[in-house]
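What follows is a structure written as structure tokens; I'll ask about it next.
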Amino acid sequence: MDQSKEQRILNTVSYNAIKGNPESVLDCIDKYCSKSEWAMNVGDEKGLILDKIVEETNPSVVLELGTYCGYSAIRIARLLKPKARLLTIEFNPEFASIAKEIIEIAGVNDKVTILEGHSEDIIPQLKKKYEVEKLDFVFLDHWKERYAPDTILLEECGLLRKGSVLLADNIIYPGAPEFIKYIRNNKHFECTTFLSHLEYMKVEDAMEKAVYLGPE
Ligand SMILES: Oc1cc(-c2ccc(F)cc2)cc2cccnc12
Ligand SMILES: [Mg+2]
């Protein structure tokens, strides 16, 4: 049976990247996806915005929604302080398995836990089953119609604290209109938009940063 695009991305990383070197894995994926096959990694341009916000936040506990091949998990994990950890949720089992291998090649697997399943099922388990108290940083990069309901679910599960940072990819392309409507007119969030481009393309895209101000 033909290999999937994601398997071909793993092959190129496994063959070309320097083991244990996260930057080398990121560069390898960016080169392949800009030259050979487009794929929905956050990419190098929006990746720099992600880097800056992670560094400013310096989070201890990070949740990512949408692992895909692990590109943004590696991007985030490489910046985390020693005891910090990243939990990343992926519902596609093939993506989860490929991401696991790519994250191991990057050498950040000790900081990253991949949780296979649907975000709406796993988020309510984070406190008891995964010993999460509060989330310092959440990267939303899964299906766009889940951004708003999952944000509400995070609030309802008491996983956000004053200052928790949400960062959402693709709010222009493919777009997340319900999320933007929910988050921008919401007195519990302070929002900032970071204009950029769709990964590996000249198409406009943006990321939305929303800082949680507390339940009052
Ligand atoms: O960054 C992303 C990009 C796209 C995307 C798909 C088809 C296009 F023609 C353009 C963009 C989908 C995503 C789905 C989930 C998380 N991120 C995505
Ligand atoms: Mg995306």
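What is the log10 of I(q)/I(0) for the chain, computed with the Debye formula using one identical point scatterer on each Cα and no solvent, at q = 0.08 Å⁻¹?
With one equal scatterer per Cα and no solvent, log10 I(q)/I(0) is -0.25.
How large is the translational diffusion coefficient of the range 1-127 in µm² per second when you combine the Kirkwood radius over alpha carbon pairs with Stokes-Einstein at 20 °C and 1.002 mPa s?
On the way: Rh = 14.7 Å.
Calculated translational D: 146 µm²/s.
Can you pull the Kirkwood radius for the range 36-100, inverse mean 1/r over Cα pairs, to one decimal in Å?
On the way: mean 1/r = 0.0807 Å⁻¹.
This gives a value of 12.4 Å.
Next question. Over the Cα atoms of the range 85-171, each weighted equally, I'd like the Debye log10 I(q)/I(0) at q = 0.15, 0.20 Å⁻¹, rounded to two decimals.
Result of the Debye calculation: -0.58, -1.04.
Can you tell me the relative contact order of the chain? Whole percent, Cα pairs under 8 Å, sequence separation 6 or more. Intermediate values should be presented prior to the final figure.
Working: 414 pairs, mean separation 42.0, N = 216.
Over the chain, the number comes to 19 percent.
A follow-up question, please. Of LYS5/LYS129; LYS5/LYS83; LYS81/LYS129; LYS5/LYS181; LYS144/LYS202; LYS81/LYS128, which sit over 31 Å apart, Cα to Cα?
Details: LYS5/LYS129 33 Å; LYS5/LYS83 34 Å; LYS81/LYS129 23 Å; LYS5/LYS181 34 Å; LYS144/LYS202 21 Å; LYS81/LYS128 24 Å.
With Cα atoms farther than 31 Å apart: LYS5/LYS129; LYS5/LYS83; LYS5/LYS181.
Another question, if that's okay. Kindly express, to the nearest 10 degrees and within the range 0 to 90, the angle between helix 5-16's C-alpha long axis and the longest C-alpha principal axis of the chain.
Between the helix axis and the principal axis of the chain, the angle is about 60 degrees.
Looking at the range 1-67, I'd like the Rg to Rh ratio, where Rg is from alpha-carbon atoms and Rh is Kirkwood's inverse mean 1/r. Before the final figure, lay out each step's value.
Numbers: Rg = 13.7 Å, Rh = 13.5 Å.
With Rh from the inverse mean 1/r over Cα pairs, Rg/Rh is 1.02.
Then there's this: Compute the normalised compactness of the range 107-216: alpha-carbon radius of gyration over 2.2 N^0.38 Å, N being the residue count. Walk me through the intermediate numbers first.
On the way: Rg = 14.4 Å, N = 110, 2.2 N^0.38 = 13.1 Å.
Expressed relative to 2.2 N^0.38 Å, the Cα Rg reads 1.10.
FYI, it's all coordinate maths here, none of it is from the lab. Since the model is a prediction, treat every value here as computed from it, not as a measurement.
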